[in-house]
Amino acid sequence: MSRGRSTRARAVVTGAGSGIGRAFAVELARRGGTVVCADVNDTAAKQTVQLIGNAGVPAHCDVSDSQQVRDLAQASEGLLGGPPTLVINNAGIGAGGQPVGATPLADWKRTLDVNLWGVIHGCHEFVPLLRATGTGGIINVASAAGFAAGPAMAAYNVSKAGVLALSETLAAELSGTDIAVTVLCPTFVKTNIIDSDRIDAAAARLADTMMRLTGVSPHRVARTTLDAHDAGRLHVVPQLDARLVWRTKRALPGAYTRLAGLVGRLLPSIETPKGD
């Protein structure tokens, strides 16, 4: 099963009610798969299922709750008509706008609980199922923020850096098996992730502007990621700006950090363009 893992997959997608998660569900259904569309928002999960018809089944899951993820894993074979062959740990929330020391600890905890612990829970519960069948794949959704380390985004950056490290570790542990691991690290994707009470107003306005100017379709990201997963690629950095940051930081880490700090100091003076 080294090729075509996303074709006719029995998949579990968390955060499938919107954004990249919904796009993954739609694309997997288009490729002939069956998808458990898991989300903390039951209405959103059902709306995704309506888009893909008989290929989807909704499921409630708060990924920050280990028992709910365990229940999802235990129910997945019955919901899919067989053991899962693809698990996409996608659920996440946005956070940012304040520096370290000013970000409320409650925001740190909630961000890590969902963005990092949610993926930890997903890997902890589903990897043994994939090992038992000896084949399949895991896709973890991180972010370019995990390596870009932009100022005033520490909680989000740390959560996504953890997902990146977890994915690379898991890939090493599963090397030599027929279980593939892919980690997605996009920049701006046109989703609702900035609709979060853990992003302050100024940061949300800037993120909205950047999303409108540079954001790409979640469907494009989902297709690109699934194709890369089929090809056995570990890292998916789908946009030019993300790849530029990825390469610059590795070639010139000191200069990159100084530049990131300078940009961070300038951002408060940037006004959101007037528009519709």
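No lab work stands behind these numbers, since they all come straight from the coordinates. What you see is a predicted model; the values in this text were computed from it and never measured. Note that each Cβ is placed from the backbone with ideal geometry, even for glycine, and that neighbours are counted across all protein chains shown.
So for the chain, if I pair up every lysine 8 or more residues apart or on another chain, how many of those pairs have alpha-carbons under 23 Å apart? Walk me through the intermediate numbers first.
Details: LYS46/LYS190; LYS109/LYS160; LYS160/LYS190; LYS160/LYS249; LYS190/LYS274.
Close lysine pairs found across the chain: 5.
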Could you rank the peptides 240-250, 216-226 by their average count of other C-beta atoms within 10 Å per residue, with the highest value first? 216-226, 240-250
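Note the full-extension length gain between LEU252 and VAL100 as 0.36 nm times their separation in residues minus their Cα-Cα distance, in nm to one decimal.
Numbers: separation 152, 0.36 × 152 = 54.72 nm, distance 2.40 nm.
Once the chain is fully extended between LEU252 and VAL100, it gains 52.3 nm.
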For 11-22, 71-82, 54-65, ranked highest to lowest by mean beta-carbon neighbours within 10 Å, the order is 11-22, 54-65, 71-82
Work out from phi, with θ = phi - 60° and the Karplus expression 6.51 cos²θ - 1.76 cosθ + 1.60, the ³J(HN,Hα) of each residue of region 122-130, listed in order in whole Hz, and give x for Gly and Pro. x, 5, 4, 8, 8, 4, x, 5, 5
Region 226-268 to region 144-182: how many Å between their Cα centroids? 13 Å
Residues with beta-carbon under 12 Å from that of ALA59, excluding ALA59: net charge, scoring Lys, Arg +1 and Asp, Glu -1? -3
Between ALA231 and ALA172, what length comes free when the chain is fully extended (0.36 nm per residue of separation minus the Cα-Cα distance, one decimal in nm)? 19.6 nm
Degrees between helix 19-30 axis and first principal axis of the chain (Cα, 0 to 90, nearest 10): 30 degrees
List the residues, sorted by chain then number, that are 5 or more residues from ALA91 or on another chain and whose placed amide H is less than 5 Å from its amide H. THR14, GLY15
How much length, in nm to one decimal, is gained on full extension between GLN50 and ASP71, taken as 0.36 nm per residue of separation minus their Cα-Cα distance? 5.2 nm
Folded to 0 to 90 degrees: helix 154-174 orientation relative to the chain principal axis, Cα: 40 degrees
